[in-house]
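Worksheet: the structure to be examined is printed underneath.
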């Protein structure tokens, strides 16, 4: 009996032990399962592409121009689509929600770059500092510190606002170098008094980029900003320098093809890179040896990809904005196409890799680019704005009332500006382009071409910009978000922000 | 196996399991973003040992060697000469005037500085003056259209009055978007 009892107790203990073992084993299995489950918000790599000045209509116009009304740009095939608000703030403003918050509705590239790079609103011209002038860390700096490899690619000078927003801290975007000047670098309205010249915020951006090692791969333009001392500083950090800042010898596509360093610095023009239209029409020109933004993107990915932790790459198609400022639709459209080819490179890599996030967006819209009906005209070409009188229902009238309609003004509009009206530099008329939807033989610049494009101005506008995304951590972008939210999306995808 | 031994084994397993789970939680962190997040306070590099801090506005070495003939305005070399033209240079009583035409892509002229040297009749450099364009001042922000031309005037410094016979100009600062 006793033995029986002991055996019974023993069995209960054994049974309890079995249960306990099962529980522990279950916990281990559960934990192991939890570890094995993919974290869908976490990306190994993030490729962030910025079409500078690319508003929604830039996307629409480029689609219609190259693929027709029913086609799609590569960026439009990304599954997550949203829009991004872009406003800036005035100098010394607080952040949204704070008592001293003072918005500025139209941003520049510097303020916008700081918004997504550092997650704060700042004033136009500021880079890597908030509106009170305090240094704020950038995503690329955080990624670098966390062990990611980093890259920064642009068709602008690499010291220009969009690339510089990730790898510099400056009170004024004009403080680019090669030399310091008080007017270009100081901002007494923000700091009250001049900062010592060894303060990073007044250190020329080229000097910062050449010495802070924030980006492992730096590709773009702007060689004239760098000098022999910069080349020495780059070499001392282990950069493979293509071309030579000391000799002001620009790098070439061949140099880029041959590059294989873990750190690569290559600038292909003393200023901004050359527009694709010129290179296409002048294949023997020296500028044709400059790589395209797609080629630079592809090479940057190749140079960065072999890293267990992953990489963070920013790519800018800068000339969309610059040619939009000039109201040059033909060049703008070709730059849109070139940028979209860089998106193709990034997306193809992401699909093959399986754990790469691709985000395509813009910093702001430029020039009020728009599509108008074939054969119609804009207010700028009209005698007056449209009439604003509804005799049948006066409730529809408002002030000011305009009885006359905005008839075409022959002295301001002599036809499509890149066609029959191109001889008139004062002409506000639209630029027209043939599309794949047009019959064969229809030419650009003719009234028969179906795509009619116009501009509101030569400057930035306050319109929201599109965002397209693919990969882990991008679900929140299927919404209207602010440009500072992009900092959080990328930061969480890379696990570099809390 | 004795009951005591079994109980001890179970207890050991439970402790080991708990430690394992705890360790796993520590590694995974308490929530999104807790994994190996770098310290933002030390992420930005703000000091550059070896970089000499500038002591003033930029100079152009060519001003020291230029020997403009009396009544003329010479042009000295600057880092951005391939993206601008200087025209209409004229030495008047109170200073030197002219026009900078930016020949590269201009969506906004952000920074421009013209540095002028003033010389006596023997070609000796007496002093310098500057013209500065800074975006955001003088309605040079986003309020107007892009402009490729900028007229400038650099006044003769007060202490050089009456002794200036020639001038030379160059452009040490140019930022155009």
Item checked: Test: residue in the range A:161-174 that is in contact (Cβ under 8 Å) with a residue 40 or more places away in the chain and out of contact with any strand residue (DSSP E or B) (no Cβ under 7 Å at 6 or more places or on another chain) -> yes
Next item on the list: Just give me the residues in the range A:38-57 being assigned to a loop (DSSP other than H, G, I, E, B) and crowded, with 24+ Cβ neighbours inside 10 Å, in sequence order.
Entry: A:43, A:52, A:53, A:54, A:55
Notebook entry, point to check: So which residues in the range A:244-289 are within 14 Å of another protein chain (Cβ to nearest Cβ), surrounded by 14 or more Cβ atoms within 10 Å (Cβ to Cβ) and assigned to a loop (DSSP other than H, G, I, E, B)?
Noted result: A:245, A:246, A:248, A:250, A:269, A:270, A:271, A:272, A:273, A:274, A:275
Checklist line | Number of the exception - residue A:203 against (1) under 26 Å from residue B:59 (Cα atoms); (2) in contact with a helix residue (DSSP H, G or I) (Cβ under 7 Å, 6 or more places away or on another chain); (3) buried (at least 19 other Cβ atoms within 10 Å of the Cβ) | finding: (2)
Note to self: Looking at A:128, A:97, can you tell me which residue is touching a strand residue (DSSP E or B) at 6+ places or on another chain (Cβ under 7 Å) and on the phi > 0 side of the Ramachandran plot?
What the structure shows: A:128
Item checked: Count - residues of the range B:62-120 that are within 10 Å of chain A (Cβ to nearest Cβ) and either part of a helix (DSSP H, G or I) or more than 25 Å from residue A:184 (Cα to Cα) (or both) -> 3
Next item on the list: Restrict the check to the range A:371-382 and report whether at least one residue is within 30 Å of the chain's Cα centre (by Cα) and closer than 30 Å to residue A:314 by Cβ.
Entry: yes
Notebook entry, point to check: All but one of (1) in contact with a helix residue (DSSP H, G or I) (Cβ under 9 Å, 6 or more places away or on another chain); (2) in contact (Cβ under 8 Å) with a residue 60 or more places away in the chain hold for residue A:104; which doesn't?
Noted result: (2)
Notebook entry, point to check: From A:131, A:156, A:125, A:110, which residue is part of a helix (DSSP H, G or I) and either in contact (Cβ under 8 Å) with a residue 12 or more places away in the chain or under 19 Å from residue A:293 (Cα atoms) (or both)?
Noted result: A:110
Note to self: So, restricting to strands (runs of 3 or more DSSP E) that lie completely within the range A:422-498, which ones have at least 2 residues that are under 21 Å from residue A:79 (Cβ atoms) and touching a residue at least 60 places away in the same chain (Cβ under 8 Å)?
What the structure shows: A:465-470, A:480-482
Item checked: Residues (out of contact with any helix residue (DSSP H, G or I) (no Cβ under 6 Å at 6 or more places or on another chain) and more than 9 Å from every other protein chain (Cβ to nearest Cβ)) located in the range A:162-185 -> A:163
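No lab work stands behind these numbers, since they all come straight from the coordinates. Please read all numbers here as calculations on a predicted model, not as lab measurements. Please note: Cβ atoms are built from the backbone with ideal geometry, for glycine as well, and neighbour counts cover all protein chains shown.
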